[in-house]
Amino acid sequence: MAQPVPAPASQPGEPLVVLDHVDKHFGALHVLQDVNLTVRRGEVVVVIGPSGSGKSTLCRTINRLETIDSGSITLDGVPLPAEGKALARLRADVGMVFQSFNLFAHRTVLDNVTLGLRKVRRIPGGQAKERAMALLERVGVSSQAAKLPAQLSGGQQQRVAIARALAMEPKVMLFDEPTSALDPEMINEVLDVMTALAGEGMTMVVVTHEMGFARRAADRVVFMDGGRIVEEADPETFFTAPRSERARDFLSKIL
Ligand code: ADP
Ligand code: MG
């Protein structure tokens, strides 16, 4: 069967996700204002900012869960597709992990991971299962494979969600406050998986309030306020010498 020839993978350090003059409104609310952001291959970009500043919306535009009003977004040099099979492929290429896990409640842990492999990637059942088990092993929950999500702790569920996204071999992983719904003792088991992933060279955009993780894992910190990217810097610079008043104010409240 003829398969479409995949575009050549970009080299490390090349722009992978590029937002160019992106604007987005929800009614009268200007939720993304002239957002320009380049995420390079292998880079870990941590997005921080106050509640309501547009962080989730930014993530959601990158896998087209939200449309934009103007500007452009490209993945690997290709504008995001609007619909159809190309959109399904985009969603597989852009893995997303939400605060609320979003696992299929009535499917086993294993099925949660194999489903996309079979339906989107068209991988046969046996092979899909093998790959899923390897991923569950990697995030430390393979012993839970036959259970339903509700039988797992929050930290375990979030690790399943990460395995499910990874199964699709995404080009980039988006994490939107992946530990915000977790009890404190479960936060590190999820951050450890994310740190390992970053170390393996995964391109990641991470919205988080975990400043320890940001310092440790980020190549770059992006600070948003009021729908704008107010400041962008390496973590050392951002946390020790933020340039903007708004970033200083935000940091003084959370650190
Ligand atoms: P953050 O993730 O930084 O807290 P969001 O991107 O979720 O911010 O939201 C930015 C702003 O857009 C907020 O004022 C929020 O209330 C508003 N908003 C988000 N989603 C919607 C929506 N679907 N409809 C209307 N307003 C929305
Ligand atoms: Mg949010």
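Counting Lys and Arg as +1 and Asp and Glu as -1 over every other residue whose Cβ lies under 9 Å from the Cβ of Lys55, the net charge comes to -2. Each part gets one Cα centre, and for region 163-188 versus region 71-130 those centres are 14 Å apart. Which listed residue (Gly155, Val44, Ile123) has the Cα farthest towards the positive end of the charge dipole for region 1-159, taking +1 on Lys and Arg C-beta and -1 on Asp and Glu C-beta about the Cα centre? The one lying farthest along the dipole's positive direction is Ile123.
Find which of Leu75, Ala88, Ala146 sits farthest along the positive direction of the dipole of the chain, computed with +1 on the beta-carbon of Lys and Arg, -1 on that of Asp and Glu, about the Cα centre. Ranked along the dipole, the leading option is Ala146.
Within the accessible area of region 151-255, what % is carbon and sulfur when the probe is 1.4 Å and the other protein chains stay in place?
Values: 1910 of 4240 Å².
C and S fraction of accessible area: 45 percent.
Between Arg118 and Phe26, what's the calculated FRET efficiency when r is the beta-carbon distance and R0 is 30 Å? Round to 0.05. Taking R0 as 30 Å, the efficiency between Arg118 and Phe26 is 0.25.
Under a model in which nothing but the beta-carbon of Lys, Arg (+1) and Asp, Glu (-1) is charged, region 104-255 shows a dipole of about 760 debye around its Cα centre. Extension gain for Ala134 to Ala105 (0.36 nm times residue separation, less C-alpha to C-alpha distance): 8.3 nm. The 3J(HN,Hα) values that the Karplus relation (6.51, -1.76, 1.60; θ = phi - 60°) gives for region 176-187 are, in residue order, 9, 6, x, 10, 5, 9, 9, 5, x, 6, 9, 5 Hz. Gly and Pro appear as x.
State to the nearest 20 debye the size of the charge dipole of region 1-136 about its Cα centre, where the only charges are +1 on K and R beta carbons and -1 on D and E beta carbons.
Dipole magnitude for region 1-136 comes out near 700 debye.
Largest GNM mean-square fluctuation among Lys171, Lys24, Lys119, using the chain with Cα springs under 10 Å: Lys119. Placing a label point 7 Å from the Cα of Arg243 along the Cα-to-Cβ line, the residues of region 31-51 whose backbone N sits under 19 Å from it are 33-40, 45-50.
Taking the solvent-accessible surface of protein heavy atoms with a 1.4 Å probe, what is the per residue accessible area of the chain in Å²?
The answer is 47 Å² per residue.
Treating only the Cβ atoms of Lys and Arg (+1) and Asp and Glu (-1) as charged, compute the dipole magnitude of region 148-220 about its Cα centre; round to the nearest 20 debye.
On the way: 6 positive and 10 negative charges, 40 e Å.
Using Cβ point charges on Lys, Arg, Asp and Glu, region 148-220 gives about 200 debye.
The C-alpha atoms of the chain define a longest principal axis, and helix 154-167 lies at about 80 degrees to it.
Quick check: net charge around Asp23, other residues with Cβ under 15 Å of its Cβ, Lys/Arg +1 and Asp/Glu -1?
That sum, taken over residues with Cβ under 15 Å, equals -1.
Annotation: peptides 187-196, 76-85, 41-50, ranked by per-residue average of other Cβ atoms within 10 Å with the highest first, follow the order 41-50, 187-196, 76-85. Protein heavy-atom surface of region 29-86, 1.4 angstrom probe: 49% of the accessible area is carbon and sulfur, with nucleic acids and ligands not counted. Distances between placed amide hydrogens fall under 5 Å for Ile68 paired with no residue 5 or more residues away or on another chain. For Val78, neighbours were defined as the other residues whose beta-carbon sits under 15 Å from its Cβ, and their charges (Lys and Arg +1, Asp and Glu -1) total +1.
Compared with the dominant principal axis of the Cα atoms in the chain, helix 84-93 is inclined by about 80°.
Send over the Kirkwood Rh of region 1-159, from the inverse of the averaged 1/r over different Cα pairs, rounded to one decimal Å. Kindly include the intermediate steps, with their values, before the conclusion.
Details: mean 1/r = 0.0559 Å⁻¹.
Here the Kirkwood hydrodynamic radius works out to 17.9 Å.
The values are calculated or read from the model by the stated rules, or taken from the named source; none is laboratory data. Not measured: the values here are computed from a predicted model. Neighbour counts are summed over all protein chains in view; Cβ atoms, including those assigned to glycine, are modelled from backbone coordinates with ideal geometry. Remember, those area values only see protein heavy atoms, side chains included, never the ligands or the DNA or RNA. Shrake-Rupley method; radii C 1.70, N 1.55, O 1.52, S 1.80 Å.
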